[in-house]
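Step one of this worksheet: look at the structure below.
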Amino acid sequence: MKGTRNCMKWLDSCLIAISMYSKIPVPQVEWTKEKMNHAMCFFPLVGAVQGCLLGLWLVIAAQFDLSVGIRFLWASAIPFLVTGGIHMDGFMDTKDALSSYQGKEKKLEILKDPHIGAFAVIHLLSYLLLALGFASVIEGTKAVVAVSAAFFLSRCLSGLSVIHFPGAKKEGSLYTEADTSGAKVVSIGLVIQMLLVVTALFIYSGMNGILVTAACLLMFLYYYLMSRRQFGGITGDLAGYFVCMAELWSVIVVGIYLVLK
């Protein structure tokens with residue numbers, strides 16, 4: 001009986017994570033503190049779904065020899081269809097705040113502002129153009145698998161940042177997640193998931209996997225230093241910014257490697 005309750009609690013935590021961070025339809029459960037304690041463990045699962053869908057689409061598109069435009073325009077749309085753009089919203093808000101060159105408090109106010117600034121739009125267009133441009137040269141199963149894995153790795157690292165990085169404020173959804181998470185269990189779970197995927201990447205994708213892992217880790221370091229210096233800590237928007245940037249740089253480094261190879 002106790003084992004069944006524990007299994008149901010973990011299943012509910014999984015469903016909460018999926019419903020919180022994606023548009024994937026799942027049965028709704030009550031968001032209690034107990035159930036949310038380990039929800040962050042399943043955050044990378046959303047990335048796994050994105051990565052699998054992206055990889056599957058690229059393989060199908062290559063099989064049917066679809067045009068580059070159709071192939072990669074749809075590829076760029078998949079992450080938005082799965083998540084509803086939740087992380088891109090954080091990316092745009094962060095770019096608006098950073099482009100203001102104001103103090104920490106003013107930047108935090110800009111993050112909370114629901115309006116979209118000109119710099120957010122400029123950086124969004126730049127992001128999409130870079131993603132499309134570098135993705136257009138990515139071919140081969142090993143490269144596709146490595147880039148797809150970035151969606152998983154970025155969320156493992158983002159989850160760890162929520163638990164271990166200092167927060168910029170004592171309010172908001174990110175503070176709630178960090179406060180209610182069973183930090184030790186979640187941290188161990190995320191690290192194990194990350195190590196398993198990285199090991200598989202190194203074995204299967206070789207240099208492509210090494211480059212994706214390096215891109216995610218270097219972006220993780222930048223994210224930590226930038227958030228401390230510019231905002232005094234992380235917020236939900238900054239965590240979303242990191243996810244987007246880690247994925248973009250993964251595409252860029254693999255694209256450059258394939259061009260120079």
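Values in this text are rule-based calculations from the coordinates and carry no lab data. Keep in mind the model is a prediction, meaning the values are calculated, not measured. All Cβ positions, even for glycine, are placed from backbone atoms using ideal geometry, and neighbour counts span all protein chains on display.
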Check: Any chance the stretch 10-23 includes a residue that's touching a residue at least 24 places away in the same chain (Cβ under 8 Å), touching a Gly at 6+ places or on another chain (Cβ under 6 Å) and crowded, with 20+ Cβ neighbours inside 10 Å?
Finding: no
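Filter the stretch 69-125 down to residues that are of a type in the set (Phe, Trp, Tyr) and buried (at least 18 other Cβ atoms within 10 Å of the Cβ) and give me whichever is nearest to the chain's Cα centre (by Cα). Working first, answer last.
Keep residues of the stretch 69-125 that are of a type in the set (Phe, Trp, Tyr), which gives 72, 74, 80, 91, 101, 119.
With buried (at least 18 other Cβ atoms within 10 Å of the Cβ) added as a condition, the list becomes 72, 91.
Numbers: Phe72: 19, Phe91: 11 Å.
For the stretch 69-125, the residue satisfying everything is Phe91.
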Notebook entry, point to check: Out of the residues in the stretch 207-261 that are aromatic (Phe, Trp, Tyr) and more than 17 Å from Ile110 (Cβ to Cβ), which is surrounded by the fewest Cβ atoms within 10 Å (Cβ to Cβ)?
Noted result: Tyr222
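Could you list, in sequence order, all residues of the stretch 213-239 that are in a helix (DSSP H, G or I) and of a type in the set (Gly, Ala, Ser)? It would help to see each step written out before you state the result.
Step one: list which residues in the stretch 213-239 are in a helix (DSSP H, G or I), which gives 213-231, 236-239.
Of everything in the stretch 213-239, those that are in a helix (DSSP H, G or I) and of a type in the set (Gly, Ala, Ser) turn out to be Ala214, Ala215, Ser227, Gly236, Ala239.
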Check: Could we say that Gln50 is within 22 Å of Gly236 (Cβ to Cβ), touching a residue at least 12 places away in the same chain (Cβ under 8 Å) and within 22 Å of the chain's Cα centre (by Cα) here?
Finding: yes
Next item on the list: Being more than 27 Å from His38 (Cβ to Cβ) and either among the basic types (Lys, Arg) or part of a helix (DSSP H, G or I) (or both) narrows it down to one of Ile192, Ile188, Ile210, so name that one.
Entry: Ile210
